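Everything on this sheet refers to the single structure shown next.
Computed from the coordinates by the stated procedures, all read-outs in this text should not be read as laboratory data. Every value quoted in this text rests on a predicted model; they were computed, and no experiment measured them. Positions of Cβ are generated from backbone atoms using ideal geometry, with glycine treated the same way; all protein chains shown enter the neighbour counts.
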Amino acid sequence: DGGITQSPKYLFRKEGQNVTLSCEQNLNHDAMYWYRQDPGQGLRLIYYSQIVNDFQKGDIAEGYSVSREKKESFPLTVTSAQKNPTAFYLCASSIVGVNTEAFFGQGTRLTVV
Amino acid sequence: QKEVEQNSGPLSVPEGAIASLNCTYSDRGSQSFFWYRQYSGKSPELIMFIYSNGDKEDGRFTAQLNKASQYVSLLIRDSQPSDSATYLCAVKGGSYIPTFGRGTSLIVHP
């Protein structure tokens, strides 16, 4: 079955801790994205990558980091510099192009404790 | 800054009625337009996409695009309680990066 897998589904972070959210896809898509969603809000772009070993900042990249060492994987690290990390994080992938849809993973809900 | 605007709602309609969801966008270079449905606590799933001016129908759903007015809409006919969800509008242009609106919450009451 092709798709995007995010893990874990729920994650709790202590103050000052870095945490990494996993995103793996087997759709053979070149483009991958990370979005953040806060209650009642739309999706805000954190980082995106359109090819292996290259990625670009989105609208709210501060306090986050990513890597793209493999086509299938695009992990997101939420660093201690991100002061308000509690949110729902969504990973997506697509074929690079204008007329292509994005496919989403099931999301990771991160909570600061 | 490319913007995609949606009324956050909630939009409340009775079962069997037509629900009309609207979206405007600021970037005239936008080329493709997507409607996603998101149930509470779940990830978005694609309902429809449209690239050309005019209407596109798929079952109970119709997407309408007017590039001159920078406006795209989604009509849901014969609304069902199972249609109650948040509907996200997404827009793509030359960068190939989807930009999302904040979504409109739809409530279909029996």
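The figures follow:
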read-out	value
Identity of the residue in region B:42-78, touching a Gly at 6+ places or on another chain (Cβ under 8 Å) and free of Cβ contacts under 8 Å to residues at least 24 places away in the same chain, that ends up farthest from the other protein chains (Cβ to nearest Cβ)	B:Gln64
Tally, over region A:23-55, of residues that are facing chain B (nearest Cβ under 10 Å), of a type in the set (S, T, N, Q) and surrounded by fewer than 20 Cβ atoms within 10 Å (Cβ to Cβ)	2
Within region A:49-73, tally of residues that are acidic (Asp, Glu) and over 21 Å from B:Lys2 (Cβ atoms)	3
Residue list for region A:49-99, restricted to those being farther than 20 Å from A:Gly2 by Cα and of a type in the set (A, V, I, L, M, F, W, C)	A:Phe55, A:Ile60, A:Ala61, A:Val66, A:Leu76, A:Val78, A:Ala81, A:Ala87, A:Phe88, A:Val98
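Yes/no per residue for (1) free of Cβ contacts under 8 Å to residues at least 24 places away in the same chain; (2) surrounded by 22 or more Cβ atoms within 10 Å (Cβ to Cβ); (3) of a type in the set (Gly, Ala, Ser); (4) more than 14 Å from A:Glu24 (Cα to Cα):
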{"position": "A:Asp59", "(1), (2), (3), (4)": "yes, no, no, yes"}
{"position": "A:Gly63", "(1), (2), (3), (4)": "yes, no, yes, yes"}
{"position": "A:Glu72", "(1), (2), (3), (4)": "no, no, no, no"}
{"position": "A:Val78", "(1), (2), (3), (4)": "no, yes, no, yes"}
{"position": "A:Val96", "(1), (2), (3), (4)": "no, no, no, yes"}
